[in-house]
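> Mind having a look at this structure? Questions to follow.
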Amino acid sequence: CDEKAPVCFNCERHGVPCSLSSTNSVPGTPHDGKSLRQPHLSPLAPRPPAETSFPSPADSSLANADREHVTPPFPAEVMSQRALELMHHYCTITADTLAIRQDMCHVYRISFPRVGYRHPFLMHGLLSLAAGHKAYLSPASRSTYLALGDYYQTIGSAEFRAAMQGMEKDIYPALWGFSGALILYLYSLPARSGNSHLEDPIACFLDVIGLMRGLKTTLNPIISVVLRSEFSPIIHGTYPGEQSASIAREPCLEDTLLPPDTWQVMVQLRRFLESDLPSASREPYSKALDHMEECLRCCAVSGMHVEVGITLAWMYLIEDSIIVDIQARQAHAMLLVAYYSILLAVLEKSFWHARGWAKQLMDQISASLRGQARFVSLLEWPRHHVDSLCF
């Protein structure tokens, strides 16, 4: 993001209201489908602070100024009722759909709302997630809940940016929690969209990657504090980190959702890329395959209970050159994403907010590689298993 007022480049490209604009507003119903795609958070530039401290105190006037230019989709009394409805839905239903492990569900259901009472940006992030869930569950009322989700996500993002300008350590967990809610909100795009349709699945996939990488870079210095907070089960339960080194190189795939020949196929894919890529490009692709296999191993030892973060971790582990190739629809990068779609398809078995990605990515990749025989034949394996795993 170039953060250029009144409308940054990313928001102009995606056709969405920009939080840097003085005329930012949320449409009522029916909801403009284009505005679903990109969160109203200026993508965070990779600028990690030198120390794990920030200037203080926070200037809340920044958030107030942004909020003044956001129009609620409904009258004030209706918004109050809807907020209660969405908070109830989040605590009683949505929170338990965000994870499988009970300790993680407890954090989503109890800890997030409790911290959200003190930090409105986190509370608004939870309300946007609940609205997205309601849009998925109630197609007849989708436009109403999409408008609500868009509104709460917009003001939450404005408050989040203001909080980032200066804060004490006690706000770190809330910042990290909001970033997770924001990622899940964007990741739920197919599920909450009409007919789960994405106009450009690869571009939407890149949006998720960009958001995750920006947030990770910006918030990485505060992780040590979050690990000592009540939110720590989300991190420990999502990705094993150093523990992954103790996992067998090729864990047994019995009683998992992964295809039984996954390890053999990954060897074949690696050989093809090593032989077909120019020498200068081999290392980034080899590392991307290493990270994908690490995610697959973590998925394998999780059996039938794979958490979202295990799969999404690959998006911020790959190198920038791979992302550039995906943006350019380069054939080898498309093949890489096709095989990664197996992991996305695994998530669709357990999580509503993960549904709709794998098949649409495969369809677009297949179309982009049509006529390139050596690539088309390699698409048969992921295509078959994505079709069998997805709804």
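> Testing A288 on (1) farther than 26 Å from Q360 by Cβ; (2) modelled with pLDDT of 95 or more, one condition comes back false. Which one is that?
(1) is the only condition that A288 fails.
> Restricting attention to the range 108-123, does a residue exist that is of a type outside the set (S, T, Y), surrounded by fewer than 24 Cβ atoms within 10 Å (Cβ to Cβ) and not in a helix (DSSP H, G or I)?
yes
> Considering only residues that are in contact (Cβ under 8 Å) with a residue 12 or more places away in the chain and over 21 Å from R142 (Cβ atoms), which ones fall in the range 173-207?
P173, A174, L175, W176, G177, F178, S179, G180, I183, I202, F205, L206
> Look through A158, A99, A76, A83 and report the one residue that is out of contact with any His (no Cβ under 7 Å at 6 or more places or on another chain) and closer than 30 Å to M304 by Cβ.
A99
> Kindly indicate whether any position in the range 260-272 is without any contact (Cβ under 8 Å) to a residue 60 or more places away in the chain, of a type in the set (S, T, N, Q) and not assigned by TED's automatic domain parsing to the domain that holds A331.
No, the range 260-272 has no match at all.
> Something else now. Go through (1) loosely packed, with under 15 Cβ neighbours inside 10 Å; (2) at pLDDT below 95; (3) over 30 Å from H305 (Cα atoms) for E254 and report which single condition fails.
Failing condition for E254: (3).
> Let me ask you something else. Among S138, S193, S179, which is of a type in the set (G, A, S), farther than 20 Å from H119 by Cβ, crowded, with 18+ Cβ neighbours inside 10 Å and out of contact with any Lys or Arg (no Cβ under 8 Å at 6 or more places or on another chain)?
S193
> Could I ask something else about it? Take the conditions touching a Cys at 6+ places or on another chain (Cβ under 9 Å) and not charged (D, E, K, R) and apply them to V346. Does it pass?
When the stated conditions are applied, V346 passes them.
> Taking the condition of being assigned to a helix (DSSP H, G or I) and either under 16 Å from the mean Cα position of the chain (by Cα) or free of Cβ contacts under 8 Å to residues at least 12 places away in the same chain (or both), how many residues in the range 296-324 meet it?
Selection size over the range 296-324: 13.
> Considering only residues that are part of a loop (DSSP other than H, G, I, E, B) and under 17 Å from the mean Cα position of the chain (by Cα), look in the range 89-99 and name the one that is nearest to A354 (Cα to Cα).
L98
> Please go through the range 343-359 and pick out each residue that is surrounded by fewer than 21 Cβ atoms within 10 Å (Cβ to Cβ) and assigned to a helix (DSSP H, G or I).
Listed by number, the list holds a single entry, W352.
The values are calculated or read from the model by the stated rules, or taken from the named source; none is laboratory data. Computed from a predicted model, the values in this text were never measured in an experiment. All Cβ positions, even for glycine, are placed from backbone atoms using ideal geometry, and neighbour counts span all protein chains on display.
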